[in-house]
1. For LYS153, give me every one of the aspartates and glutamates with a C-alpha distance below 20 angstrom, ignoring sequence neighbours fewer than eight places off in its own chain.
2. What number, rounded to the nearest 500 deg cm²/dmol, is the helix-based mean residue ellipticity at 222 nm of the chain, given -39500 (n - 2.57) per DSSP H run of at least four residues and division by all its residues?
3. If you take all C-alpha pairs in segment 174-225, what percent of them are over 18 Å apart?
4. Which value does Rg/Rh take for segment 254-295 over its C-alpha atoms, Rh per Kirkwood?
5. Counting heavy atoms of the protein chains only and a 1.4 Å probe, report the per residue accessible area for the chain as a whole number of Å².
6. Taking the alpha-carbon distance from LYS197 and a cut-off under 19 Å, which lysines remain once sequence neighbours fewer than 8 residues away in the same chain are dropped?
7. When DSSP beta bridges are limited to those with both residues in the chain, what percentage is antiparallel, rounded to the nearest 5?
8. Using only the Cα atoms of the chain, each taken as one equal point scatterer with no solvent, compute I(q) by the Debye sum, divide by I(0), and report log10 of the ratio at q = 0.08, 0.10, 0.13, 0.15 Å⁻¹.
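The values are calculated or read from the model by the stated rules, or taken from the named source; none is laboratory data. None of the values given here were measured: they were computed from a predicted structure. Every residue, glycine as well, gets a Cβ built from its backbone with ideal geometry; the counts of neighbours run over all protein chains shown. Only protein heavy atoms, including side chains, enter the accessible area calculation; ligands, DNA and RNA are left aside. Shrake-Rupley method; radii C 1.70, N 1.55, O 1.52, S 1.80 Å.
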Amino acid sequence: MRFSRLLNSLFLLRKHTVTSPLTRLFSLFQNHAMSTTTEQIAPSTTRVGWIGTGVMGRSMCAHILKAGYKLTVFNRTISKAQSLIDQGAHLANSPAEVASESDVVFTIVGFPSDVKSVTDGVLSLLRPGGILVDMTTSDPTLAVEIETAAAAKSCSAVDAPVSGGDRGARNAALSIFAGGDHAVVTSLSPLLSLLGKTYYMGGPGKGQYAKLANQITIASTMVGLVEGMIYAHKAKLDLSLFLEAISKGAAGSKSLELYGERILKRDLEAGFYVDHFVKDLGICLKECEKMGICLPGLGLAHQLYLSLKAHGEGGLGTQALVLALERLNNLSLGLDSSS
């Protein structure tokens, strides 16, 4: 309380003077107040906000609730947040209301336009010293813009998109690609460690660049996985045995682990939506154009996933790529994969 009164007094002095030493002194106290806040992240001292409680966000929020944090959530479709409300989360009516009740606000929404809209609302009411963490896969340039806007409000912003799908979210085993101020990212460890493992990739936007490179890798891996299954099917191999065999060798991958059996069972429910993957690959292609590089595997994967959208399959999971390859080859792996 004593420190707070002193900070308020300095603020009033600052309003009535242009004296450079006082301005510098105010900045020092303000920076100390911000660093004190971030150094004390704990259930007893930190209010957490979360915007976006879809397939990924809902599981991630649950880990934070279980750790004892006070959580305020917002989602456009309230029913998707109901399980969290039942567990004790408070439902807000807008992103701005989430920010007004939080010290750290996480966002994981659909598209860059959603990110822009949501973060504008958050920064309108996030208190000085607050931290905004965007976990959406989005545009690196937008991440830099958000960090600049946050700094102008005496707040911090981190871009921290994740990889690992719905299973990684449920098991708190996500890879988190973090971009922003290193000290701020480090201060978030008590929260981020509840969700998975954090990799600090560099300054603002670097988390998004890392995630886009991740998506490029996944895109070609998924094409290879499904093409291998199509070929094995035509060769009349037992697909279940085939997948088990290659999983132990050089062809083994996280995509095979997550999606191989789902494809065999025709389980195409979204752990990550085709619509969102098309968005991610589109951002990748735009970044490639800026960089002056050509990635033909990325372009092919983007076209194949676009074909799923054209067939009204954007709401399926990325493993639905099998449908596009089946159509191209006029066959179906079917439920009996050994035939």
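1. GLU39, GLU97, GLU101, ASP103, ASP120, ASP134, GLU145, ASP181
2. -17500 deg cm²/dmol
3. Values: 507 of 1326 pairs.
For segment 174-225, the share of Cα pairs beyond 18 Å comes to 38 percent.
4. Working: Rg = 14.2 Å, Rh = 12.2 Å.
Over the Cα atoms of segment 254-295, Rg/Rh equals 1.16.
5. Numbers: 15880 Å² over 339 residues.
I get 47 Å² per residue for the chain.
6. Within the straight-line limit of under 19 Å, LYS197 reaches these lysines: LYS66, LYS206, LYS211, LYS254.
7. Working: 4 of 29 bridges.
Expressed as a percentage, antiparallel bridges in the chain total about 15.
8. -0.44, -0.65, -0.99, -1.22
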